[in-house]
Amino acid sequence: MSVRSGLSDKSENAPSRVKDAARGEQIIDADEWLTAIGQYAAILTYADGQLTIARTNAAFAETFPSSTLQSDDGEKALGEWAAKIQHLIASNRNRDSLELHRQGPLGPEHFLCRIGRLPSRSDGTQQYLFTAVDCTRERSVEKNLRRELLSDGLTALPNRAGFSEEIEDRLSHSIWPEKAQFGIIAIDLSRFSRVNESLGPMAGDELLITVAKRFKSCLRQGDVLARIGGNDFAIFARLNNGLSDALHISQRINEALCAPIRLSGLHIRVDCAIGCAISTSLEADPDDVIRKAQAAVKIAKGSGKVEIYRNGVLKEAQRRFTLESKLRDALTQGGLTLAFQPLIHLQTGEITGFEALARWHDPELGHVSPVEFIPVAEESGLIAPLGRWATYEATQALSRWDAKFGEPLPVGVNVNLSPIHMARDDVASMFEEALRYSGVAGNRLTAEITESAIIADPDKARKLLVALKDLQMSVAMDDFGTGYSNLASLHSLPIDILKIDRSFVFSMLEDRDKAVIVRTILSLADSLGLHVTAEGIETQELALELQGLGCWQGQGYYFARPMNEADAFDYWRARWNFETV
Ligand code: C2E
Ligand code: MG
Ligand code: MG
């Protein structure tokens with residue numbers, strides 16, 4: 001299709017101002033109409049497949065001078081325009097709009113154009129009024145906004161949405177060998193929130209920028225790095241040698257973090273967890289591969305090694321996701337309960353207290369073990385509301401037992417405290433409030449903490465423990481022996497009880513090494529003036545052995561399994577005063 005500039009045949013239809021005597025009105029000349037239109041305007045004619053610019057106003061002529069329209073480039077541009085306009089004309093609609101683009105001297109230019117049918121000329125030639133508005137500015141603002149929407153302001157890398165677009169772009173616009181594959185490598189920076197919490201968000205930002213730079217240096221041509229979440233990065237990689245390419249990049253990522261990062265005058269080591277997923281073909285949905293890599297990285301966080309997505313990993317991730325959303329509902333809708341397991345004084349057989357253990361029965365999932373849901377709560381931030389709920393519920397249970405009995409029971413309750421909850425919440429005020437609301441004396445409440453809570457931040461832990469002692473509470477070190485507390489720190493912390501982990505207790509009669517550990521812990525506790533509770537006592541033989549070794553307190557299925565609040569009260573009332581081991 002060709003276009004003729006008909007500007008020259010103006011004289012042919014030379015305008016004449018004629019007085020319409022019959023109506024007494026002046027017929028206005030077409031050029032005057034065009035001039036009156038405050039936009040680029042032209043009259044186009046269309047006959048025999050030929051589109052002609054018949055007349056224009058000055059603005060049109062200036063912006064689309066006929067010389068540019070005739071030039072090679074212009075011709076091409078106009079050719080495209082004409083094709084679009086012709087398409088519109090062929091649609092037989094009376095008016096329509098379209099957006100046209102051309103390459104201007106300062107970059108791409110955009111015009112919002114309208115075209116409307118005019119009465120045909122007497123010779124049958126169709127006429128159209130064409131108007132255009134320059135919308136280059138709007139398009140450039142939109143483009144910038146879009147760029148902002150698709151990139152991360154801090155590192156200038158694509159964000160999650162930008163990552164998908166970049167991948168689509170790479171997949172559709174580069175030349176790929178046959179049977180090519182691509183991989184997604186998901187990277188989760190460990191300890192990032194710790195940096196944010198302890199050194200402040202500015203240092204956190206600096207860390208992210210430095211890490212992004214280091215990751216960038218691991219990329220090969222055509223790979224894309226993106227920041228797809230707070231401390232989550234991802235790489236899209238072209239794989240020429242399948243898995244081995246992905247592992248090679250993962251190794252480089254790990255090496256990039258080997259050298260410590262200087263932050264606020266400190267040298268900080270950061271680690272990362274890496275999960276990879278590999279597409280089966282180039283037709284694979286990139287978002288699906290990203291999700292699989294994210295599932296693999298979750299597993300890598302636990303395993304400490306690079307994980308490759310396997311079928312089933314997604315199932316685990318989905319299960320975690322389901323658990324998280326159901327746990328959130330359970331917490332707000334009272335779906336959790338506490339079970340109480342008796343703590344027995346091994347020398348007298350008295351019940352000295354109960355350990356409060358969270359229980360969750362979901363209508364669809366059935367019974368979910370705390371071994372499964374506590375880590376989910378810790379990962380999702382639900383551990384603080386869960387820990388608060390458990391503390392309030394445990395002190396309320398004590399006060400309900402007291403009310404039932406008519407006076408305070410000579411027993412206390414142990415509450416488990418997650419190290420993550422300890423780090424994130426004002427736990428001292430939580431205990432203070434729980435005690436105040438329930439009217440229970442502080443010396444009936446024991447906080448069970450784990451060694452990792454102390455290792456993470458010893459000073460903070462010490463301050464908290466001192467605050468708990470001020471409330472007259474006791475502090476027990478749970479699962480003792482499984483972590484790596486140094487004994488010196490134990491001595492300097494206000495800890496009252498060591499709870500020897502079940503893994504040492506249950507096999508100590510058969511396993512000499514375990515027996516030696518238990519004896520060592522008992523003598524260590526003795527010299528530090530600490531009480532010891534043995535967990536996981538399942539037989540009378542074990543109970544008697546530990547009694548013989550001078551262990552203070554025991555807990556385990558031999559005495560009782562965890563039970564509900566009412567049963568725990570009945571258990572205590574049936575046995576108090578006359579129990580023997
Ligand atoms: P834990 O604090 O060491 O609690 C003792 C666990 O050992 C409980 O498991 C208890 O049921 C189990 N147990 C007690 N005696 C025996 C025995 O003789 N044999 C065997 N095989 N097991 C015994 P449970 O209730 O499944 O809780 C597991 C862990 O979940 C707890 O270990 C604790 O770390 C955590 N947990 C439970 N409830 C809470 C909670 O409210 N908050 C927090 N932060 N953690 C909790
Ligand atoms: Mg415990
Ligand atoms: Mg324990």
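Odds and ends about this structure:
- Listed residue (Pro375, Tyr571, Pro342) projecting farthest to the positive dipole end of the chain, Cβ model: Pro375
- Alpha-carbon centroid distance for the pair the stretch 125-204 / the stretch 549-568, whole angstrom: 58
- Of all lysines in the structure, the ones whose alpha carbon falls short of 26 Å from that of Lys213, not counting any fewer than 8 places away in one chain, are Lys143, Lys292, Lys298, Lys301, Lys305.
- Charged-residue dipole, Cβ positions (Lys, Arg, Asp, Glu), the chain about Cα centre, Debye nearest 20: 1000
- Helix-derived mean residue ellipticity, 222 nm - over the chain, DSSP H n ≥ 4, -39500 (n - 2.57), to 500: -14000 deg cm²/dmol
- Relative to the longest principal axis of the Cα atoms of the chain, helix 565-575 runs at roughly 10 degrees.
- Cα gyration tensor shape for the stretch 449-581, rounded if a/c is under 1.5, else prolate or oblate: oblate
- Amide proton proximity set for Thr56, modelled H, under 5 Å, gap of 5+: Ile43
- Kirkwood radius and radius of gyration were both taken over the C-alpha atoms of the chain, and their ratio Rg/Rh is 1.25.
- Coordinate range along principal axes, alpha carbons of the stretch 151-310, Å, largest first: 51, 32, 22
- Projecting the Cα positions of Ala397, Ala453, His421 onto the charge dipole of the stretch 373-459 (unit charges on Cβ atoms of Lys, Arg, Asp and Glu, taken about the Cα centre) puts Ala397 furthest along the positive direction.
- For the stretch 319-574: rounded, prolate or oblate by the Cα gyration tensor [a/c cutoff 1.5]: rounded
- Counting only alpha carbon atoms, the long axis of helix 427-438 and the longest principal axis of the chain meet at about 70°.
- The angle between the Cα long axis of helix 458-470 and the main principal axis of the chain comes to about 60°, on a 0 to 90 degree scale.
- Highest average first, the peptides 259-267, 125-133, 192-200 ordered by how many other beta carbon atoms sit within 10 Å of their residues are 125-133, 192-200, 259-267.
- Taking a straight line from the alpha carbon of Lys469, these lysines sit under 16 Å away, with near neighbours fewer than eight places off in the same chain left out: Lys460.
- Rounded if a/c under 1.5, otherwise prolate or oblate - the stretch 216-328, Cα gyration tensor axes: oblate
Rule-based calculations on the coordinates, nothing more; no lab input. In this text, all values refer to a predicted model and were calculated from it rather than measured experimentally. Cβ sites come from the backbone with ideal geometry, for glycine too, and all protein chains shown count toward neighbours.
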